[in-house]
Amino acid sequence: MTEVADTLRRLTRDLRGCQGAFVMDFDGLPLEAVWRGTAGADLDAIGAEFAAVLREARQAGQDLGLGPLRGLSVRAQGPTMIFRCGRDSLLVAVVVRSASAAAARRALVDAARQGLTAL
């Protein structure tokens, strides 16, 4: 098991309501993923759709002098996706709608510190 997979496994296990976690690059390509039970998602679709949004958000932050984009939350009718931005990749947690978004953001920051040096 890789260090990244181990970190994703801990995140998915320890974060209440987490259905899965994955790392993707800024082009939207999934690099590693861990899902709870039989849960899963179409990572190619998530990556393709949100990579463009994240690139635009990064550029808008730079244009406005706000500094680097640290993260983004997307709350849908179904699950919520919390993105933590790093230099070269994104750490993403997919949590049930009733889960605490603040707890998910904190967990992503901790996971990035513990095992994902690029984040």
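The values are calculated or read from the model by the stated rules, or taken from the named source; none is laboratory data. Bear in mind the structure is a predicted one, so any value in this text is a computation, not a measurement. Every residue, glycine as well, gets a Cβ built from its backbone with ideal geometry; the counts of neighbours run over all protein chains shown.
Within region 58-70, the residues that satisfy the criterion of being over 14 Å from ASP25 (Cα atoms) and either in contact with a strand residue (DSSP E or B) (Cβ under 6 Å, 6 or more places away or on another chain) or of a type outside the set (A, V, I, L, M, F, W, C) (or both) are GLN59, GLY61, GLN62, ASP63, GLY65, GLY67, PRO68, LEU69, ARG70. You will find that of GLY47, GLY115, the residue that is of a type outside the set (A, V, I, L, M), out of contact with any helix residue (DSSP H, G or I) (no Cβ under 6 Å at 6 or more places or on another chain), crowded, with 17+ Cβ neighbours inside 10 Å and modelled with pLDDT under 85 is GLY47 and no other.
Just one of (1) assigned to a helix (DSSP H, G or I); (2) at pLDDT 80 or above fails for LEU72. It is (1). On the given criteria, is ARG13 under 14 Å from the mean Cα position of the chain (by Cα) and surrounded by fewer than 16 Cβ atoms within 10 Å (Cβ to Cβ)? Answer is no for this residue. If you check ARG105, ARG84 for being over 15 Å from GLU49 (Cβ atoms), at pLDDT 90 or above, in contact with a helix residue (DSSP H, G or I) (Cβ under 9 Å, 6 or more places away or on another chain) and not small (Gly, Ala, Ser), only one passes: ARG84. Do we have LEU8 as of a type outside the set (Asp, Glu) and either in a helix (DSSP H, G or I) or free of Cβ contacts under 8 Å to residues at least 24 places away in the same chain (or both) here? Considered against the rule, which asks whether it is of a type outside the set (Asp, Glu) and either in a helix (DSSP H, G or I) or free of Cβ contacts under 8 Å to residues at least 24 places away in the same chain (or both), LEU8 comes out as yes.
Taken together, the criteria exclude ALA57 from residues that are surrounded by 15 or more Cβ atoms within 10 Å (Cβ to Cβ), part of a loop (DSSP other than H, G, I, E, B), more than 13 Å from the chain's Cα centre (by Cα) and at pLDDT 85 or above.
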